[in-house]
Structures are given as structure tokens and as C-alpha cells.
Amino acid sequence: MPLEVLERAASDMTNWHDADGKPSGMGVMEMSHRGKAFGSIVQHAEAGLRSLLAVPEAFHILFMQGGGLGQNAIVPMNLCGPDSGKPAVDFVLTGSWSQKSWLEAAKYSQSHIAASTQESGFHHIPEPASWQLSPGARYVHICSNETIHGVEFHTLPDLRALGSDAPLVVDFSSHVASRPVDWSRVGLAFAGAQKNLGPAGLTLVVVRDDLLGAALDICPSAFNFKNIADNASLFNTPPTYGIYIAGLVFDWLERQGGIAAIEARNRGKAALLYQAIDASDLYSNPVEPACRSRMNIPFFLREPALESAFLQGAEQAGLLQLKGHKSVGGLRASIYNAMPLEGVQALVAFMRSFERTRA
Ligand code: PMP
């Protein structure tokens, strides 16, 4: 989280002030979601995201609950109806998160693997021209940044150029708002907020108009995208505090110079860390350079036995949460938007000094 956002939230904690500085007499957590004050907060967050990511008018911005994993069920329940019967849905498996989406969707669809890099260890993005797309698929799902394996789509696939008119569904949970999005290639994108947008508990869905209204009967009303769109994210009580914080985060991103400036900063941070890894004899990153994530950088020590000493030393230097995901081991630096360049510089300096002491 950007410190400025946390400080602003702290100063508003017991008495929220509107844009003109007028106090409301209560904190955001105490407001009715149907009141005027919260109405302005949700509108501000939506407008902030629309402007930041240049979301076209043809898309609805929905603030929901359920997290990224919830969307693995909510998306097929919304796109695989209205008739029962399981339509085909295509998945491109590039790591753990797209794999989880594929498994969950099998409850509601015939989920088909159009391409997978599992056999080679999830270290690259398969060339879109090689994808085996199903004719008439309801949608094609990708995870545009694999948080665990550190693999990122740097360009979204153009399904039309591949001869498909299926909408592209994108799980952009772990790099949302870190770079621009080419909405002309997207039908729906979803993200848990907890990486780049705000606190856990808020889920963002950006969905194109024409995809609404195709939910299965079993889809819970509170997770039906049409209900949420028709009620401007107030069909039921949304995660109000998360929406408020996300609005502050969007303001902060604009103050940083907007999405182009954020992307440039993220490129610089990632390049610094990858260069340090590639130049060393101790550290390595297995991902093909063209698909390396700018947000989640897994790396491994030549001698895995040194990992605990690395983590201990890092913690003493104030560098926290560097342990790799348990499913792949090793180390991982998640350098989300709010991580300043200085944080990456400090990590690189520590890595160099650790390597010198082990030479
Ligand atoms: N998708 C991606 C890309 C993720 O990184 C995560 C969480 N790390 C999820 C989905 C699952 O999100 P949640 O924990 O909000 O259900």
C-alpha cells in the first residue's frame, strides 16, 4: 500500500471528509452503503479506475466480494448460460492460477486446455498461433500475470486474428493497474484487490456490456454480473472500506503521473532486479526473458541450503516476505506498484553483499 494512502485513510478513520474537506461526522466503516456519502465514494472509485485504465464506456466496472478464486466459479456461472448444458470454454495454462481457474470451470463448462506449458515447468507463454481453440467456445481464459511462476503476458492475445470471436477473459489480479490494458482485445477482466488496488476482500470485475445476461440459473443473485451492473455495485452491501481505499489508490496513481508513468517505473524496478539475478552466479530465474513478470520475480539460490540464511539476513536488513510460494520453493520478490525503486535497490544491494560473503 502507498504510505500516502494509509496516512490519508488514518486521518479519515473516525470522520471522513468529502472532496471539499467537509466532514461527514463518521468513518467510512460506519456509513450506510446506500447513503449519499458512500455513494460519492463508490462513484469516485469507479471514475478513478475508468480514467486511469482508459476503460471504454462499453464496459461496466463492478466492485464485488469473493476474491480471485471466487471469480473462477462466478465467471463461468455468468457466461455459460442462460441454458443449462455445458458449453466449451478454452483455457491457456501458464501457471498455478490459470490451472486453478480451469479446474473450477469444469463444474460449469467443458473446460478445454487450448495450450499448456506445464510440462516445461510453466516458464513461458505459448505462442498464440499454436493454441488449439474450440469452435464456438463461450470464452477463452488466460491469467495475464502468474503470481507464483512469474510469467506475464506483455501483450494480450488478439483472438480475432486467431480466427475466434470468443471473448477473452483475463485474470489480471496480480498486475492490475501496473500497465495499460488493450480493452479492444478483452471481454472481461477480474482481479482481487489485495495486490495493487487496496485491501483483501474487494474484487474488481470489468465486463463488456454484451456479455451480461447469460448467467446460469444456479448463479447466486449476489454474484450475477447483470444485477451488480444494474445497481452500480450496490445490489447488496459491497466491501465498502475496500472501495474507499481503492479510490484513494487510484488518486495516488494519477498523482504519480498515471498509468504510463507507473508502467515506466515498474519496468525500471523489474529490470534492475533481473539484471542483478542474471549477472550473479548465485541467483537464477528460470522464466524466458520475453515473458518475465514485472510484478512477481521468483528466484532461486544455486545452493538451496543457503535459503534460510538469505531470508534471515534479508529480514535483518528490513527486507520482508521474500520466501517463494510453497508450491515452487525458492525466493520471490513481489514488487507491486507501491514498492518504491529504493526498495528494489535495497534488495539488490543485499543480494550482492550476501553473494560476496558466500563466494
Ligand atoms: N489469481 C491470481 C493471479 C492470484 O495471484 C491470486 C492470489 N494470489 C488469485 C487468483 C486468488 O485470489 P484470492 O486469494 O483473492 O481468491
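The values are calculated or read from the model by the stated rules, or taken from the named source; none is laboratory data. Bear in mind that the values here come from a model prediction, so they are computed numbers and not experimental data. Every residue, glycine as well, gets a Cβ built from its backbone with ideal geometry; the counts of neighbours run over all protein chains shown.
The table for this structure:
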read-out: Looking only at segment 69-88, and only at residues there that are within 16 Å of the ligand (Cβ to nearest atom) and of a type outside the set (Gly, Ala, Ser), the one that is surrounded by the fewest Cβ atoms within 10 Å (Cβ to Cβ); value: Leu69
read-out: Unique residue being at pLDDT 95 or above, among the β-branched types (Val, Ile, Thr) and outside the structural domain of Gly66 (by TED's automatic domain parsing) when the list is Val287, Val207; value: Val287
read-out: Residues being closer than 16 Å to Pro167 by Cα and either β-branched (Val, Ile, Thr) or part of a strand (DSSP E or B) (or both) - total across segment 87-109; value: 5
read-out: Condition met for Leu52 (of a type outside the set (S, T, N, Q), surrounded by 13 or more Cβ atoms within 10 Å (Cβ to Cβ) and away from the ligand (no atom under 16 Å from the Cβ)); value: yes
read-out: Candidates Gly66, Gly95 - the one that is under 19 Å from Ala229 (Cα atoms), within 12 Å of the ligand (Cβ to nearest atom) and out of contact with any Leu (no Cβ under 7 Å at 6 or more places or on another chain); value: Gly66
read-out: Residue under evaluation Thr357, criteria (1) closer than 30 Å to Ala260 by Cβ; (2) among the β-branched types (Val, Ile, Thr); (3) exposed (fewer than 13 other Cβ atoms within 10 Å of the Cβ), criterion not met; value: (1)
read-out: The one condition in (1) out of contact with any helix residue (DSSP H, G or I) (no Cβ under 8 Å at 6 or more places or on another chain); (2) assigned to a loop (DSSP other than H, G, I, E, B); (3) within 21 Å of Ile142 (Cα to Cα) that Val55 fails to fulfil; value: (1)
read-out: Unique residue being assigned by TED's automatic domain parsing to the domain that holds Ile218 and either more than 28 Å from Asp171 (Cβ to Cβ) or aromatic (Phe, Trp, Tyr) (or both) when the list is Gly48, Gly39, Gly67; value: Gly39
read-out: Residue that is surrounded by the fewest Cβ atoms within 10 Å (Cβ to Cβ) [pool: residues in segment 5-32 that are out of contact with any helix residue (DSSP H, G or I) (no Cβ under 6 Å at 6 or more places or on another chain), of a type in the set (D, E, K, R) and over 27 Å from Phe235 (Cβ atoms)]; value: Asp20
read-out: Count of segment 116-141 residues which are surrounded by 19 or more Cβ atoms within 10 Å (Cβ to Cβ), more than 14 Å from the ligand (Cβ to nearest atom) and outside any loop (DSSP other than H, G, I, E, B); value: 2
